[in-house]
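The values are calculated or read from the model by the stated rules, or taken from the named source; none is laboratory data. Source: prediction; values computed, not measured. Note that each Cβ is placed from the backbone with ideal geometry, even for glycine, and that neighbours are counted across all protein chains shown. SASA here: full protein model, heavy atoms, side chains in, ligands and nucleic acids out. Shrake-Rupley method; radii C 1.70, N 1.55, O 1.52, S 1.80 Å.
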Amino acid sequence: MSQRKVLVVDDEVGICESIAARLRAEGFDVELAFDGPSAVSRCAEIDPDLVVLDVMMPGFDGLEVCRRIQAVRPVPVLMLTARADETDMVIGLGVGADDYLSKPFSMRVLVARVQALLRRADRAESAARPVLLEFGDVVIDLTERRVRRDDQEVHLTRTEFELIAYLAERPRAAIPRESLFEEIWGWGEGGGSRTVDSHVKALRRKLGPSVIRTVHGVGYAWDAPK
C-alpha cells in the first residue's frame, strides 16, 4: 500500500517541521506549506489524503484555506488553533474541518487524530449503502451522501453527514456524546463533548432546530418525524 500523503500548513516553520518529522517517522509522506495561498496551490498539486492546517496565517487564514480546498474536493482536515475559542472551532467545522487541536498539543495526540480521521475516511468510502432514510421533509441518501430538506439540497461537511446518518439510522435512541465521538471521530480521549456539540449546532442551523433532540445528561437523539 502506498504512503498516505499529508499536507502540513503552519506559518511557524519550527512547528511545521516538527509535525512533519513525527508524521514521517510514522510512515506518512509529508509536504509543507507556510501561508494560505501556497497551501491552496500545494493542495491542488499533490492531492493529499489529509491536511493539518493552522488557523492564523499570512496571506489568508486557515479558515479560508479550508473553504477553498473543500470546494474543490472533500479532504479530511485537522485544524490547529492557538486559542481554545469555541467561535474559531465552530467556524472551522462549518467550512469543512473535521477535527481540531488547540496549541500546545502533544505529537502523540496529533498522530492519533490523523490516523483516526484517515480510518474514518476509509470507512466512509467503503461503506456506501443503497438506502434512503426519509423523515418528513428530510431525505438522507446514504449512497450518494446527500441530504435534502423541502426538496432543496443541504450542503454538509463529511463529518456532519456521518453524524446525521449515524443518528438517523437509530431514530429516537439517546446516544451518549462519548459514544458519538468514538464512533464518528474514532478517538476516545478528550475534547469529545465540545466537538460533538459544535457539530450538532451546525446541523441544527442547516436543518432546523427540531431534528436533533438534546437528551440532558446523556447526549443526542434523532427526532425528525417520519
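Scanning the range 54-63 turns up at least one residue that is open to solvent by less than 50 Å² (accessible area, probe 1.4 Å) and modelled with pLDDT of 90 or more. Checking each residue in the range 31-48 for being among the aliphatic types (A, V, I, L, M) and in contact with a strand residue (DSSP E or B) (Cβ under 9 Å, 6 or more places away or on another chain) picks out Leu32, Ala33, Ala39, Val40, Ile46. Comparison of Gly217, Gly186 shows that the only residue that is more than 18 Å from Asp137 (Cβ to Cβ) and loosely packed, with under 14 Cβ neighbours inside 10 Å is Gly217. What is the one condition in (1) over 22 Å from Leu93 (Cβ atoms); (2) assigned to a helix (DSSP H, G or I) that Pro58 does not satisfy? Status for Pro58: all satisfied but (2). If only residues of the range 64-87 that are out of contact with any strand residue (DSSP E or B) (no Cβ under 8 Å at 6 or more places or on another chain) and in contact (Cβ under 8 Å) with a residue 40 or more places away in the chain are counted, the one that is surrounded by the fewest Cβ atoms within 10 Å (Cβ to Cβ) is Glu86.
The range 150-226 holds strands (runs of 3 or more DSSP E) entirely within its bounds, and those carrying 2 or more residues that are closer than 20 Å to Gly96 by Cα map to 152-154. Here are Thr143, Thr159: which of them is open to solvent by less than 30 Å² (accessible area, probe 1.4 Å), at negative phi, modelled with pLDDT under 90 and not acidic (Asp, Glu)? Among Thr143, Thr159, only Thr159 is open to solvent by less than 30 Å² (accessible area, probe 1.4 Å), at negative phi, modelled with pLDDT under 90 and not acidic (Asp, Glu). Residues in the range 1-21 that are touching a Lys or Arg at 6+ places or on another chain (Cβ under 9 Å) and open to solvent by 10 Å² or more (accessible area, probe 1.4 Å): Ile15 alone.
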